[in-house]
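The structure appears right after this line, and notes come after that.
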Amino acid sequence: MGEELITRIFLMILITFLVVAFIMPFIKKLAFHIGALDIPRSEEGHRHIHKKTTPKLGGLAMFIGFLFSYMIFGEQSSMMNSILIGSFLIVLTGIIDDIHSIKASVKFAGQLAAACVVTFYGGIVLQDVSAFGFYIDFGVLAYPITVLFIVACINCMNLIDGLDGLAGGISAIYYLTIGIIAVIMGNMGLDVTMTFIMFGATLGFLVHNFHPATVFAGDSGSMFMGFMVSVIALLGFKNVTLTSFIIPLLILAIPILDTLFAIVRRRLKGESFATPDKSHIHHQFLNMNLSYRTSVLIIYGIQILFAIASIVYVLKNRELGYILYTVLVIIVMLLVLKTDVVFNHKDFEKKFKLPKK
């Protein structure tokens with residue numbers, strides 16, 4: 001890796017980090033001025049766990065930092081224009097929701113619009129997948145599958161955003177892992193530029209968001225991070241940054257599994273998928289009387305292990321990668337069995353009249 005490339009990557013991260021970290025105090029004041037605030041609530045099911053009113057426009061600061069660095073390091077193209085338009089739609093939808101909660105259907109419409117712009121105008125399409133010895137060509141289903149993938153990533157990050165520093169940290173780990181793999185493989189395309197810019201943006205956000213947080217990402221931030229995660233994954237596959245499209249998904253194992261668990265959990269309860277609750281993975285650690293920071297750091301640790309397994313699989317030894325993935329999946333399954341992340345054990349025992357342990 002040449003000195004010029006190292007300098008470019010360092011500057012992308014540093015400049016974006018400084019911009020986001022510097023403008024955040026002004027964004028906080030703006031949030032208070034326009035009412036984009038998270039006010040503590042005591043109702044059952046409210047997802048955020050905090051005791052003071054907190055501004056929710058962290059996503060706007062990240063978006064501004066992203067735009068600023070793109071103007072310095074990016075190159076104009078119809079593909080990049082579609083990403084900028086999609087990002088704007090996502091952040092705008094999130095800001096509106098941060099100010100005044102909107103219906104899930106309206107939020108979904110904003111997500112769908114952003115995904116369609118990237119897919120149909122930008123031409124960023126998941127045409128086929130080759131991974132672990134399997135090959136699938138999606139054919140005419142490529143466009144709807146791509147839109148669905150983008151919307152799914154947006155909602156994965158939106159759902160995992162429940163503790164100080166959690167969504168930002170998971171995103172940062174993802175961006176850094178993708179960046180490391182791409183650079184070692186000798187790629188410096190659009191996806192890698194955006195990866196390091198977003199890594200700097202999330203680090204700048206975490207300065208203010210790690211516990212005790214003085215600002216939240218809000219829907220504007222969690223949806224923006226999810227949107228960029230999906231776009232970078234699609235671009236990485238398109239430009240052969242990674243050996244397979246599945247690797248980015250494995251790096252995001254925790255938010256993806258948490259979303260799947262939430263879907264199953266709420267279906268078992270007969271509730272809508274959009275119904276908030278306090279049974280996510282991060283809540284399970286809190287229920288074990290672990291502190292905010294400890295809970296977040298444990299999830300960071302699991303996420304880093306998935307990232308390391310992905311790096312090993314792509315760059316070093318596929319067989320060893322398989323082993324590491326298997327061990328991590330076993331750990332996650334043990335977590336499922338030991339907690340109420342999928343179903344409430346007490347309710348299950350009562351329903352089937354099982355003997356208490």
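The values are calculated or read from the model by the stated rules, or taken from the named source; none is laboratory data. Just so you know, these numbers come straight off a predicted model, no measurement behind them. Here Cβ is always computed from backbone atoms with ideal geometry, including for glycine, and neighbour counts include all displayed protein chains. These area figures cover heavy atoms from the full protein model, side chains too; ligands, DNA and RNA do not enter into them. Shrake-Rupley method; radii C 1.70, N 1.55, O 1.52, S 1.80 Å.
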Q) Of M12, M194, M80, which has the largest mean-square fluctuation in a 10 Å C-alpha GNM of the chain? A) M80
Q: Work out, step by step, the length gained on full extension between L112 and R293: first 0.36 nm times the residue separation, then minus their alpha carbon distance; give nm to one decimal.
A: 61.8 nm
Q. Once you put a point 7 Å from the Cα of I34 and another 7 Å from the Cα of T7, both along the Cβ direction, what distance in nm separates them?
A. 3.9
(Q) Can you list residues from other chains, or at least 5 along the same chain, whose modelled amide H is less than 5 Å from the amide H of D128? (A) F138
Q: With a 1.4 Å probe and every protein chain kept in, tell me what percent of the accessible surface of the chain is carbon plus sulfur.
A: 68
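Which of the DSSP-defined H helices in the chain satisfy a minimum axial length of 20 Å, computed from C-alpha atoms, and a minimum mean Kyte-Doolittle hydropathy of 0.5?
On the way: long enough: 3-34 (45 Å, 1.71); 58-73 (23 Å, 1.88); 78-99 (31 Å, 1.58); 142-160 (27 Å, 1.93); 166-184 (27 Å, 2.05); 190-209 (28 Å, 1.26); 218-238 (30 Å, 1.19); 253-268 (22 Å, 1.01); 292-311 (28 Å, 1.59); 318-338 (30 Å, 1.88).
Helices meeting the criterion: 3-34, 58-73, 78-99, 142-160, 166-184, 190-209, 218-238, 253-268, 292-311, 318-338.
For R318 and S77 in the same chain, what is the full-extension length gain: residue separation times 0.36 nm, less their Cα-Cα distance, in nm?
Values: separation 241, 0.36 × 241 = 86.76 nm, distance 3.55 nm.
Roughly 83.2 nm would be gained on extension.
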**Q.** For a label point 7 Å along the Cα-to-beta-carbon line of T53, residues of the range 187-227 with backbone N under 17 Å
**A.** 214-216
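Once you sort the root eigenvalues of the Cα gyration tensor of the range 142-236 as a ≥ b ≥ c, which label holds: rounded (a/c under 1.5), prolate (a/b larger than b/c) or oblate (the other case)? Intermediate values should be presented prior to the final figure.
On the way: a/c = 2.64, a/b = 1.27, b/c = 2.08.
Here the range 142-236 falls in the oblate category.
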Q) What is the spread of the Cα atoms of the range 72-156 along each of their three principal axes, largest first, in whole Å? A) 47, 34, 22
Q | Distance between the range 193-224 and the range 105-130 - C-alpha centres, whole angstrom | A | 23
Q) How do 52-62, 85-95, 325-335 rank on mean C-beta neighbours within 10 Å, highest first? A) 52-62, 85-95, 325-335
Q.
Restricting the calculation to Cα positions, tell me the Rg (one decimal) and the Dmax (whole number) of the range 149-202 in Å.
A. 12.2, 36
Q) Could you work out the helix-only [θ] at 222 nm for the chain, with each DSSP H run of four or more residues adding -39,500 (n - 2.57) and the total divided by the number of residues, to the nearest 500 deg cm²/dmol? A) -22500 deg cm²/dmol
